[in-house]
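The values are calculated or read from the model by the stated rules, or taken from the named source; none is laboratory data. Nothing here was measured: the structure is a model prediction, and the numbers come from that model. We place every Cβ from the backbone using ideal geometry, glycine too, and count neighbours over all the protein chains shown.
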Amino acid sequence: MDQIDCKILTFLQEDADIPGKAIAEAVGLSTSAVERRISKLKQSGLIERIVAIVNPKAVDRTLSVLVELEIENEYRHSLEQFQRWINQAPEVQSCWYVTGDMDFILLVAVRNLDEYNAFIDRLMTDQKELVRKYKSLISLKTVKHGMTLSVTYDEN
């Protein structure tokens, strides 16, 4: 990855729908050269996927809750079972396995408290042998929301 790839990645992170021609003009390459580079970035795994970011208000998912979970044990099969369950839960936007007092942190997006309670009821029923306790942190306001990473070129 070189400096031009870094610039291309920066443009795509801001707007993945930006025309190749606009990127080409900004980085000083032909459109076809930029498209080849983007293809290589995808093939190499630097670009995992290109997605649309949906406005939560537009789909009535305005309640965001961070859920801290402590589990009973961290046996491999238990963790895998839990992760499979989380991957099937449409309310869960993100899940992190973390250090500290809790084991997992979930970002849950729902319509309202009733929908959140239904999610927690399902979690505590389906995973009752594994989840020891949970703590809910309800978001009052989103201060920053993004998926962009700082991309720099290191010559070394």
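Give me the pairs: first residue in the range 38-49 and surrounded by 13 or more Cβ atoms within 10 Å (Cβ to Cβ), second residue in a loop (DSSP other than H, G, I, E, B) and at pLDDT 95 or above, beta-carbon distance under 6 Å, and six or more apart or on different chains, which are they?
Once the first residue is surrounded by 13 or more Cβ atoms within 10 Å (Cβ to Cβ) and sits in the range 38-49, its partners that are in a loop (DSSP other than H, G, I, E, B) and at pLDDT 95 or above give L41/I47.
If you check every pair at least six apart or on different chains, which have Cβ atoms under 6 Å apart with a residue in the range 106-124 that is surrounded by fewer than 17 Cβ atoms within 10 Å (Cβ to Cβ) first and a residue that is assigned to a loop (DSSP other than H, G, I, E, B) second?
So the pair list comes out as R111/D60.
For the range 3-53, name all the residues that are charged (D, E, K, R) and not in a loop (DSSP other than H, G, I, E, B).
D5, K7, E14, K21, E25, E35, R36, R37, K40, K42
For the range 130-156, name all the residues that are in contact (Cβ under 8 Å) with a residue 24 or more places away in the chain and more than 30 Å from L41 (Cβ to Cβ). Break it down into steps so the answer makes sense when it comes.
Step one: list which residues in the range 130-156 are in contact (Cβ under 8 Å) with a residue 24 or more places away in the chain, which gives 130-139, 142, 147-149, 151-153.
Listed by number, the residues that qualify are L130, V131, R132, K133, Y134, K135, S136, L137, I138, S139.
What about S64, is it small (G, A, S), in a strand (DSSP E or B) and either closer than 30 Å to S136 by Cα or out of contact with any Asp or Glu (no Cβ under 8 Å at 6 or more places or on another chain) (or both)?
Answer is yes for this residue.
Enumerate the pairs (first residue in the range 11-24 and in contact (Cβ under 8 Å) with a residue 60 or more places away in the chain; second residue anywhere and not hydroxyl-bearing (S, T, Y)) with beta-carbon separation below 9 Å, excluding pairs fewer than 6 apart on the same chain, so at least 6 apart or on different chains.
Within 9 Å, the pairs are Q13/G146; Q13/M147; Q13/L149; Q13/V151.
Against the definition (modelled with pLDDT of 95 or more, within 18 Å of the chain's Cα centre (by Cα) and either surrounded by 11 or more Cβ atoms within 10 Å (Cβ to Cβ) or not aromatic (F, W, Y) (or both)), how does I53 come out, yes or no?
In short, no.
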